[in-house]
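The values are calculated or read from the model by the stated rules, or taken from the named source; none is laboratory data. Everything numeric here is computed off the predicted structure, so don't read it as measured data. With ideal geometry, Cβ positions are generated from the backbone for all residues, glycine too; neighbour counts draw on all protein chains shown. Surface areas here come from the heavy atoms of the whole protein model, side chains and all, with no ligands, DNA or RNA. Shrake-Rupley method; radii C 1.70, N 1.55, O 1.52, S 1.80 Å.
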Amino acid sequence: MKSPAFKLIQFLVLLILTFSLQNPTWARAGFSEWEISTLGGNKIGNTDSLPSDVKGAAIYGNENNGRISRSNVYVEGVSDFGFYDGAIIGKTEKQFFLFNESTKAVTKFATKEQLCTDVKTKGIRFNNNLKFFNGSYPYDFFVFQYALYFLMPFLILLLGFLIVKWKIPLALRINQILKSFSFPLLLWILSTFTFHIFTLQAARDISWDGFWDFTLFFQGIYLGIIEGILWFLSCLGLRVLNKVAAFYEISNSIFFALFKCAIVLVLISVGLMISPLASSWTSLKYFSCLELS
């Protein structure tokens, strides 16, 4: 008989496949194409709709007959950006810029200090529009920098598994969960979804139009590799702890079982924060003048 956890995995996989096959984004999105809507109604991205002479990512206006005219490309070669009230600040290959979303005016600066001085003089406030936390910095930063996108699914799944296996003693339940294959697999799926949702929400209002795209696919692979390595290392650590527990005859202790959960959670969370593989996929870094204010 199939376990409830296995049935849940089947349901999630079928759900993902169903939505992804129905969504046309899979058909039109390229590996290097991406686009997000800005707070002021403009767009940032790197798509085939841009003129062929535009270098890299750009800030631009709306399309006309499926194409973006050269006059609607306001800033090109964008490597970093951050949202402010009514404006976008950022960096290109050689300069820094302030883009007014209403007037479309672009002011360029040689250094970040000059840019931030102008931002301060104009009294423009940082605003990343993270609705989950009412747009307040630095909660969004904490979600990515401190791997809260992993912590939340971990706690939710752990509670769910404990409820499903309620007839088994608590300590034994926790040991079985940490040894199971379904728990880390579901943890990988849910942490990828959580990360993707926060990534979208950090940049704009939630819009499900761009949810099922290749970004989610690559985030899943990337996080899967990192979390898989960290989970394996955690399991090695648990083996050592189990030998210590057997020696002191505390293997069935509830406190010891909870301690093992904490060890796994801390090891993987810290690993996600300091991993040499960490990039914008696992630590969303906003471009802002906050550190200079």
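What the table shows:
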item	result
Ranked order, 117, 47 - accessible area, probe 1.4 Å, largest first	117, 47
Loop sites in the stretch 68-117: trypsin sites (Lys or Arg not before Pro), DSSP, at most 13 other Cβ within 10 Å	94
Estimated vicinal HN-Hα couplings, Hz - the stretch 260-270 in sequence order (Karplus 6.51, -1.76, 1.60; Gly, Pro = x)	5, 4, 5, 4, 4, 4, 5, 4, 6, 4, 5
